[in-house]
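To start, the structure itself, in structure tokens.
The values are calculated or read from the model by the stated rules, or taken from the named source; none is laboratory data. Nothing here was measured: the structure is a model prediction, and the numbers come from that model. Here the Cβ is made from the backbone with ideal geometry for all residues, glycine too, and neighbour counts use every protein chain on show. These accessible areas exclude ligands, DNA and RNA; they are computed on the full protein's heavy atoms, side chains included. Shrake-Rupley method; radii C 1.70, N 1.55, O 1.52, S 1.80 Å.
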Amino acid sequence: MIFNIGMRIPPKIGAEGIEKVASWAAQVGLNTLDVPRLTPEVKNACQKAGIEIGSVDAGSGARLLSRDEKRQANAVEALKMQITEISQLGGRVLFMCLVPEDHTMPRKEGFAIWKETFPDIVKHAEQTGIYIAIEGWPGPAPHYPTIGCTPEMLRAMFDAIPSKHFGMTYDPSHLVRLGIDYVRVLNEFGERINHCHGKDTEILHDELYECGVIQTTFGEKYGFSEGSWRYTIPGHGEVDWGKVAVRLERLGYHGAISIELEDHRYWGSLEAERKGIVKANEHLRRYFK
């Protein structure tokens, strides 16, 4: 089975404009682009370059978990409109991270709000042929308020909304930093994977000794880190991508593996970002082919 490899668009690469981004992505052998917004301009640029649309970012995620019922309702309607627009432009996957407006909100409270706001959204996604993929980033320290970042909560959410149109973005980097078995997550929730990120995490054992699993007190040594771990490109961390590829193939996953570049070694300049994407693609192609 041949998998598509794509990328979320890093800032320096994105500053080149969508036509140059799509053209460069095709030149280096990528198949898809995750885009912050799907417009006719974006669609045309990707079609011209021979690049498919991977996922489209949701525009109103935080307000969906607002304690203000009016803000909730407005966010639901705005997201339904965006889902319709994405569908009309040929998109398929809506990417979102369910971080509440109030970063101190307990996840249990966020989950209760989600149960009220989301059934109508998922029904609309079903009607328009869109698949929602929630991200497993736990959110900002120290409260980590994101819902859907652990198996405990994913199980409850998928039980509450059994529709395949509501699923997850499988990103093993977040699972590794949380100490969660990323292969077991594939085995348990594989049928609800609507999107996949190509990102890795290195566990920093010296830093783990210094501060344990809590955030470092005096600042991290590396970017995209909280002390005892750092996000990396695939191949520079703990993830066995061969195991991931085998299980995704067995599951019949047909989406893309989208490189999400969050690695301090490949950051800060256009050249660094391009180098990171190319190296990540080369590593993933060893297994997803």
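Stretch Glu152-Lys243 to full length: gain in nm at 0.36 nm per residue minus the Cα-Cα span?
Extending this stretch completely gives an extra 30.5 nm.
Hey, got the dipole for segment 161-223? About the Cα centre, +1 on K and R Cβ, -1 on D and E Cβ, debye to the nearest 20? All intermediate terms of the calculation are to be shown ahead of the outcome.
Values: 6 positive and 10 negative charges, 72 e Å.
For segment 161-223, the charge dipole is close to 340 debye.
Under a point spin-label approximation (7 Å from Cα along Cα-to-Cβ), what is the Arg265-Glu126 distance to one decimal in nm?
4.6 nm
Provide the FRET efficiency to the nearest 0.05 for the Thr104-Asn4 pair, computing r from the beta carbons and using R0 = 45 Å. Write out the running numbers ahead of the final one.
Numbers: r = 39 Å, r/R0 = 0.87.
After rounding to 0.05, the efficiency reads 0.70.
By how many nm would the segment from Asn187 to Thr217 lengthen if fully extended, with 0.36 nm per residue of separation less the alpha-carbon distance?
Working: separation 30, 0.36 × 30 = 10.80 nm, distance 3.61 nm.
Separation in residues times 0.36 nm, less the Cα-Cα distance, equals 7.2 nm.
In whole percent, and with a 1.4 Å probe on the protein chains, what portion of the accessible area of segment 149-289 is carbon and sulfur? Present the calculation step by step, with values, prior to reporting the outcome.
Numbers: 3140 of 6520 Å².
C and S fraction of accessible area: 48 percent.
Write down the accessible area per residue of segment 189-278 in Å², having rolled a 1.4 Å probe over the full set of protein chains.
Numbers: 4280 Å² over 90 residues.
On a per-residue basis, segment 189-278 sits at 48 Å².
In debye, nearest 20: dipole of the chain around its Cα centre with unit charges on the Cβ of K, R (+) and D, E (-)?
680 debye
PRE reach from His205 (point 7 Å along Cα→Cβ): which of segment 147-181 fall under 20 Å by backbone N?
176-181
What is the Cα centroid distance between segment 1-58 and segment 157-217, reported in whole angstrom?
25 Å
Sort Arg37, Arg8 by accessible area with a 1.4 Å probe, largest first. Working shown, then result.
Details: Arg37 160, Arg8 50 Å².
Order by accessible area, largest first: Arg37, Arg8.
Determine, for each peptide in 186-195, 81-90, the mean count of other beta carbons within 10 angstrom over its residues, then list the peptides with the highest first. Walk me through the numbers on the way to the answer.
Details: 186-195: 18.1, 81-90: 16.6.
Going by the mean number of other Cβ atoms within 10 Å, highest first, we get 186-195, 81-90.
Residues with amide H under 5 Å of Leu94's amide H, sequence separation 5 or more or different chain, H placed in the peptide plane at 1.01 Å from N; which?
Val56, Tyr131, Ile132, Ala133
Roll a 1.4 Å probe over the protein heavy atoms and report the accessible area of Val246 in Å², nearest 10.
We get 90 Å² for Val246.
For a quick check: with amide H placed at 1.01 Å from N, whose amide H comes under 5 Å from Met168's, ignoring anything fewer than 5 positions away on the same chain?
Close amide H contacts, sequence-distant or interchain: Ile134, Ile193, Asn194, His195.
I'd like the FRET efficiency for Asn74 and Ser163, computed as 1/(1 + (r/R0)^6) with the beta carbon distance as r and R0 of 22 Å, rounded to 0.05.
On the way: r = 23 Å, r/R0 = 1.07.
It comes out at approximately 0.40.
Which value, in Å² rounded to 10, gives the accessible area of Ser55 with a 1.4 Å probe and all protein chains present?
About 0 Å², ignoring ligands and nucleic acids.
For the pair Arg67 and Lys12, how long in nm is the line joining their label points, each one 7 Å along Cα→Cβ?
That separation, rounded to one decimal, is 4.2 nm.
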